[in-house]
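Shown next, in structure tokens, is the structure this report addresses.
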Amino acid sequence: MPGISEPYPWQQDQWKRLNRLIRHQRLPHALVLCGPRHLGKAQFGYALAQRLLCENQQAEVACGICKQCTLFASQNHPDVLLIQPEEEGNAIRIDSIRQLSEFTEKTAQQGGWKVVIISPADAMNINAANALLKTLEEPASKTLLILVCHQLSRLSATVKSRCQKVVFPVPVLAEVDSWLSSQMGDSRSTVAELLQYAEGRPLLALELLQTDLLEKRRAFDSMLDELAIGQLSAIVAAQKCQYLDGLMAIDWLYGRLALQLKTKNMHPGAYRYLDRLLQIKRRLHGGANPNKSLLWEELMLDWQHLFLLAPFGRAG
Ligand SMILES: [Zn+2]
């Protein structure tokens, strides 16, 4: 039914646990939903918010038809506040947290719960995190703060210590299989292939399916295969790589080599190669702008060496 936010099938344990807390009126005033990206943690947060506001309190999930649910679905519920960066990748600043404190100090307009969702909470800068502490230290009644967090290490320790953790691990195949199959339509790929490329993260798998990323990834992998057996020159491969998003392609390369290391006896230089990819990734994240053609030529040449000389010989 439209208008209902529900948890995903792989979030049932966490959902049941929180429902138990709600039934026993033991819900903490702040939760941090943590785990890797692309697992649907924000969606879980919305589902929980709607469940709390819904007038049919006996139901396990929100009913989708009461007045509160209708307001929620129209994204106009006066007792829900969503805090996110102005643009994806930007920081959440102190102004947003000031808005949050005003919101939590007011009485609920609909007479029930008030819910704040901060997504992602690890985007808060230091000033914002410090401002949030005040609200966390003086919790208002029937007010829930939901912090969605992709990287727990980036959240300040004092903020973390005042929230109850709800952990979302990467689901196992059985928890994802039927959901992902139902989304696939007449796709030419399989659930297993998609999940492998998405490192087990179902929403990323869906994104691969709905964009041209899956095709790009397959082309990238066959390029690496040709490179590895000497059918393609490193220079040509490097030219192709330059047109890809740098961080994404580095991730792909990393994923591919990590997988090879599990199944194949590789040259020890492979581990140095992985380290190097991590370093490049850190530099790119830090805003570095390396010479692309040089970077990719080196990476492709050394990739070729890793395989042509494997498992002995000079590489990396
Ligand atoms: Zn309802």
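The values are calculated or read from the model by the stated rules, or taken from the named source; none is laboratory data. Since we're looking at a predicted model, the values are computed, not measured. Because the Cβ atoms are built from the backbone with ideal geometry, glycine has one as well, and the counts that use them run over all protein chains shown.
Before moving on, here are some points about what is shown:
- Within region 48-67, residues that are within 16 Å of K16 (Cβ to Cβ) have Cβ atoms under 8 Å from residues that are near the ligand (Cβ under 7 Å from one of its atoms) and in a loop (DSSP other than H, G, I, E, B) in these pairs: R51/A62; A62/C54; A62/N56, counting only partners at least 6 apart in sequence or on another chain.
- Selected residue (criterion: farthest from L284 (Cα to Cα)) from residues of region 223-272 that are without any contact (Cβ under 8 Å) to a residue 60 or more places away in the chain and of a type in the set (G, A, S): S233
- Residue check for G64: small (G, A, S), surrounded by fewer than 17 Cβ atoms within 10 Å (Cβ to Cβ) and at pLDDT below 95: no
- Failed condition for L53, given (1) closer than 19 Å to L100 by Cβ; (2) in contact with a Ser or Thr (Cβ under 6 Å, 6 or more places away or on another chain): (2)
- Failed criterion for K16 (all others in (1) surrounded by fewer than 16 Cβ atoms within 10 Å (Cβ to Cβ); (2) of a type outside the set (G, A, S); (3) within 16 Å of the ligand (Cβ to nearest atom); (4) under 30 Å from L195 (Cα atoms) hold): (3)
- Candidates in region 166-217 are the residues that are among the charged types (D, E, K, R) and assigned to a loop (DSSP other than H, G, I, E, B); of these, the one that is modelled with the highest pLDDT is R201.
- Number of the exception - V170 against (1) in contact with a Leu (Cβ under 8 Å, 6 or more places away or on another chain); (2) β-branched (V, I, T); (3) surrounded by fewer than 13 Cβ atoms within 10 Å (Cβ to Cβ): (3)
- Of all residues in region 30-89, those that are in contact with a helix residue (DSSP H, G or I) (Cβ under 9 Å, 6 or more places away or on another chain), more than 9 Å from the ligand (Cβ to nearest atom), closer than 27 Å to A129 by Cβ and part of a helix (DSSP H, G or I) total 8.
- Complete set of residues in region 71-83 that are modelled with pLDDT of 95 or more and surrounded by fewer than 18 Cβ atoms within 10 Å (Cβ to Cβ): P78, L82
Listed here are the residues, each with its yes/no results for (1) over 15 Å from Q239 (Cα atoms); (2) more than 30 Å from the chain's Cα centre (by Cα); (3) of a type outside the set (G, A, S).
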{"site": "H267", "(1), (2), (3)": "yes, yes, yes"}
{"site": "R272", "(1), (2), (3)": "yes, no, yes"}
{"site": "N289", "(1), (2), (3)": "yes, no, yes"}
{"site": "W296", "(1), (2), (3)": "no, no, yes"}
{"site": "M300", "(1), (2), (3)": "no, no, yes"}
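- Among the residues making up region 132-143, those that are in contact with a strand residue (DSSP E or B) (Cβ under 9 Å, 6 or more places away or on another chain) and either at pLDDT below 95 or surrounded by fewer than 21 Cβ atoms within 10 Å (Cβ to Cβ) (or both) are T135, L136, P139, A140, K142, T143.
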